[in-house]
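Below: the structure, in structure tokens.
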Amino acid sequence: MKRTLIGIAVGAILGSAAGAAFAGAFGIGTQSGSGTGNAFAGGAAAAEDASVVWSNPAAMSMLPQGRHVQAAAHLLRPSFKFQNQGSSAALGTAVGGDGGDWALVPNGYFATSLGNNLSFGIGVNAPFGLKTDYDAGWIGRFIGLKSEIKSVNINPSLSFKVSPSVSIGAGVSVQYLDAELTNAANPPLGSANLSADDIGYGFNLGIAVQATPSTRIGLAYRSSIKYELDGTASFSGLPAANASVKADLRVPDSVSISVFSAVTPQLDLMADVTWTGWSSIKAIRPICQQVSAACPAVGAALPGGTLPTNWKDTWRIGIGANYKPSAALKLRMGVAYDPTPTNDTDRTARLPDEDRVWLALGLQYAVSKSGKLDIAYAHEFIRDAKVNTLVGAGPLRQVGSFDNKADILTISYSHAF
């Protein structure tokens, strides 16, 4: 019985790959400073600054000749407030406070012309992450207390101008993922903690076409990345249960098609559609790497530990506009619909994600001939996320919904020289 309880507890802390973030599932949608004000619409075709290293490496060849840098800081504030709607009385009445908190997410990019229609760029960013963190003793403590994931992606890329109107590009990604997941467990286990990490590798491809002097089309693909997360499950009350475990995780691939058009010298319009293959994550299945009170055998699935996610692929749609009242000032706006891959059956408090609508505003000011400052704000209107989660082997359930929202403030600087 003790071994079964331990297995369930470790399975629970592996029950999500991350806490909730600012795009569908646990993706971070803020990957450039200039894009926030347009709700990241048209990113694969914008060719505005060095952040194209991430959004579409082909567009590096469509930047002005020379070197380009961009550095951005995104201040993120999610809010996840649980509303109890019939949870088992034995779990108590505390609703956990606000599971969201402030986070600072930076990213930076560099691109340079190499001559002979060739360009090189490199980006450093965080594609996945953020966290949920609830009060100790709350209703969902056996499902999740803290769920935090951190990622760092290094993405060198090349772009080649095939003709005056067509460019192609490709890059590789070296991505580090680190997770810490905690939850309460029954006596004598105390609290359960899982820390795991790995490095994965992927690639990205793109093409950019200057269809007319004023209209550009971009198509970008980013591959999935497979991780074999290695870590340690530990229990504050029963060290004999501590064990090494691993779990496979494949973050999704994605395809974006974007259009950017300078309708007049003062007005730009842009739009994009992005498909993300979240169905690559169907379940989390922890595997024992050593024998302990929690693990019956090396290579065996942790008893009671497998947790289904059954995520689905998603389609994100965004539109945006820029208006330039003067040579130095550019005003931005954008809206986007970003659906969740989760479902009402398998969703848990670790990732209370739901469909969201972005509304964004921003401005860019040319502080010098070569330097531009962007300031932008976006609000995410997120649907209430329903949960109906069995606690361990039952019969207790956490039942209710999360009142969610998110705010994003971005400051960035880009420079050409």
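The values are calculated or read from the model by the stated rules, or taken from the named source; none is laboratory data. Predicted model, so just to flag it, every value in this text is computed and none were measured. Reconstructed Cβ throughout: ideal geometry from the backbone, glycine too, with neighbour counts over all protein chains shown.
Observations on the structure shown:
Conditions (1) free of Cβ contacts under 8 Å to residues at least 40 places away in the same chain; (2) touching an Asp or Glu at 6+ places or on another chain (Cβ under 7 Å); (3) among the polar types (S, T, N, Q); (4) closer than 14 Å to Ile168 by Cα, marked per residue:
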| position | (1), (2), (3), (4) |
| --- | --- |
| Ala185 | no, no, no, no |
| Pro188 | no, no, no, no |
| Ala192 | no, no, no, no |
| Gly200 | no, no, no, no |
| Leu219 | no, no, no, yes |
| Ser224 | no, yes, yes, no |
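- If you check Thr389, Thr345 for being more than 19 Å from the chain's Cα centre (by Cα), farther than 25 Å from Lys330 by Cα, modelled with pLDDT under 95 and assigned to a strand (DSSP E or B), only one passes: Thr389.
- Given (1) more than 14 Å from the chain's Cα centre (by Cα); (2) crowded, with 17+ Cβ neighbours inside 10 Å; (3) not acidic (Asp, Glu); (4) not in a loop (DSSP other than H, G, I, E, B), number of the condition Ser151 does not satisfy: (1)
- Residues of segment 348-386 that turn out to be closer than 29 Å to Gly66 by Cβ and part of a loop (DSSP other than H, G, I, E, B), as a count: 4
- Residue within segment 45-56 that is modelled with pLDDT under 95 and touching a helix residue (DSSP H, G or I) at 6+ places or on another chain (Cβ under 6 Å) present: yes
- Residues being closer than 20 Å to Ala41 by Cβ and either buried (at least 24 other Cβ atoms within 10 Å of the Cβ) or free of Cβ contacts under 8 Å to residues at least 24 places away in the same chain (or both) - total across segment 315-348: 9
- Residue list for segment 104-113, restricted to those being among the hydrophobic types (A, V, I, L, M, F, W, C) and either buried (at least 19 other Cβ atoms within 10 Å of the Cβ) or more than 30 Å from Arg141 (Cβ to Cβ) (or both): Val105, Phe110, Ala111
- Among the candidates Ser61, Ser87, the residue that is surrounded by 17 or more Cβ atoms within 10 Å (Cβ to Cβ), polar (S, T, N, Q) and farther than 27 Å from Phe26 by Cα is uniquely Ser61.
- Strands (runs of 3 or more DSSP E) (entirely within segment 208-287) containing at least 3 residues that are over 30 Å from Val162 (Cβ atoms) and modelled with pLDDT under 95: 225-235, 243-251
- For Ile382, the stated conditions do not hold, so it cannot be described as β-branched (Val, Ile, Thr), within 26 Å of the chain's Cα centre (by Cα) and under 23 Å from Val52 (Cβ atoms).
- Scan of segment 305-330 for residues that are charged (D, E, K, R), over 17 Å from the mean Cα position of the chain (by Cα) and either farther than 27 Å from Lys372 by Cβ or not in a strand (DSSP E or B) (or both), ordered by number: Lys324
- Take the conditions (1) under 21 Å from the mean Cα position of the chain (by Cα); (2) among the hydroxyl-bearing types (Ser, Thr, Tyr); (3) over 14 Å from Ser224 (Cα atoms); Ser279 misses just one of them, which is (3).
- Every residue from segment 386-417 that is more than 19 Å from Ala103 (Cβ to Cβ) and among the hydrophobic types (A, V, I, L, M, F, W, C): Val387, Leu390, Val391, Ala393, Leu396, Val399, Ala416, Phe417
- Thr274 polar (S, T, N, Q) and surrounded by 22 or more Cβ atoms within 10 Å (Cβ to Cβ): yes
- Any hit, segment 316-336, residues being under 30 Å from Gly392 (Cα atoms) and touching a Phe, Trp or Tyr at 6+ places or on another chain (Cβ under 9 Å): no
- Of the residues screened, Leu189 is one that is part of a loop (DSSP other than H, G, I, E, B), more than 20 Å from Arg316 (Cβ to Cβ) and hydrophobic (A, V, I, L, M, F, W, C).
- Only one entry in Ala136, Ala94 is at pLDDT below 95, in a loop (DSSP other than H, G, I, E, B) and among the aliphatic types (A, V, I, L, M), namely Ala136.
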